[in-house]
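**Student:** Got a structure here, written out as structure tokens. Questions coming.
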């Protein structure tokens, strides 16, 4: 209905309609942020943020080795060098210790990913970044509404980037993203870069482009859909947290399975429910996942190839220093679903199937 209203209005773009701005205002205000810049995807949100920060050739940007590839590819698109750091053994988020080891005089930014909806240890990372004058970009694509010491993720670094892809905590109809920031100058530049580097429009457009930009705009239909989804965000978060808590309690009864860890500082927003099959079980992760899937349940491995080993980075010479935790997690992690449409009997089916498979493969 919302998308149809936008379609019938004939004002289909950010340039002609008001839906995108309405979504930006709602999302930004909910976060208590200075402003919000809607984009075409979570990937372009990170890209436009790096562009506005002036990241370019000769710069290094630190990024986790264990994350989705879109956390790192915008660095390449900006002509900069991705430097992969390892992740924390428990949270799977960026390790401050590993970041400190990889800082150089060329480091200009750190992309901190709140992976699977669990916040990274922001205080430790910010301490390192501030001491060196390095910008912290929060990749909160998987963590809408997650809290770090009571603060919403995305509001702690210089910018916070979000994705509204079809299976994210909220969606704008399949694709979409946003960046939030309190830095007015940065917001102004991100708006300009999002739309071909065009200068501010007051009255009639002058088609005057002050710098090289992109076409990263969100459509009116996406924004209208996002507004409807946004109104249910608290409801979705409650359901995800309830499902995750139930599953953690039940899976905790099974020996070699570690449910997701929750740090004392965190209130996660479970996007993916990621468990570890401990190596002491002596069970191959691929066999385990295939066996559970054969029971008719949705399950998948979680990032089985660390980013430094991905051909796009490896073959270009960006593999860098070893990241042993990320490499080990690639052979231990699997993902279950806890989204709002999952009900208690579905969660019980997971437990039953996993118990059966563990017994059969042990």
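**Student:** Taking the residues in segment 236-265 that are under 20 Å from residue 340 (Cβ atoms), out of contact with any strand residue (DSSP E or B) (no Cβ under 9 Å at 6 or more places or on another chain) and touching a residue at least 24 places away in the same chain (Cβ under 8 Å) as candidates, determine which candidate is surrounded by the most Cβ atoms within 10 Å (Cβ to Cβ). Before the answer, list the steps.
**Tutor:** Initially, segment 236-265 is screened for residues under 20 Å from residue 340 (Cβ atoms), giving 236-251, 259-260, 262.
Pick out the ones that are also out of contact with any strand residue (DSSP E or B) (no Cβ under 9 Å at 6 or more places or on another chain) and you get 236-239, 242, 245-246, 249-250, 262.
Those left that are additionally touching a residue at least 24 places away in the same chain (Cβ under 8 Å): 236-237, 239, 246, 250, 262.
Working: 236: 18, 237: 21, 239: 18, 246: 16, 250: 18, 262: 17.
Per the stated criteria, the residue is 237.
**Student:** Would segment 309-318 turn up any residue that is touching a residue at least 60 places away in the same chain (Cβ under 8 Å) and surrounded by 21 or more Cβ atoms within 10 Å (Cβ to Cβ)?
**Tutor:** yes
**Student:** Moving on to the next point. Could you check, for segment 279-287, whether at least one of its residues is surrounded by fewer than 17 Cβ atoms within 10 Å (Cβ to Cβ) and either under 19 Å from residue 71 (Cβ atoms) or touching a strand residue (DSSP E or B) at 6+ places or on another chain (Cβ under 6 Å) (or both)?
**Tutor:** So far as segment 279-287 goes, no, none of its residues is surrounded by fewer than 17 Cβ atoms within 10 Å (Cβ to Cβ) and either under 19 Å from residue 71 (Cβ atoms) or touching a strand residue (DSSP E or B) at 6+ places or on another chain (Cβ under 6 Å) (or both).
**Student:** Report whether or not residue 76 is surrounded by fewer than 24 Cβ atoms within 10 Å (Cβ to Cβ), touching a residue at least 24 places away in the same chain (Cβ under 8 Å) and farther than 26 Å from residue 44 by Cβ.
**Tutor:** Working: surrounded by fewer than 24 Cβ atoms within 10 Å (Cβ to Cβ): yes; touching a residue at least 24 places away in the same chain (Cβ under 8 Å): yes; farther than 26 Å from residue 44 by Cβ: no.
When the stated conditions are applied, residue 76 does not pass them.
Readers should treat all values here as calculations from the given coordinates under stated rules, not as data from a laboratory. Remember, predicted model here, so these are calculated numbers, not experimental data. When we count neighbours, we look across all protein chains shown, and the Cβ atoms used for this are built from the backbone with ideal geometry, even at glycine.
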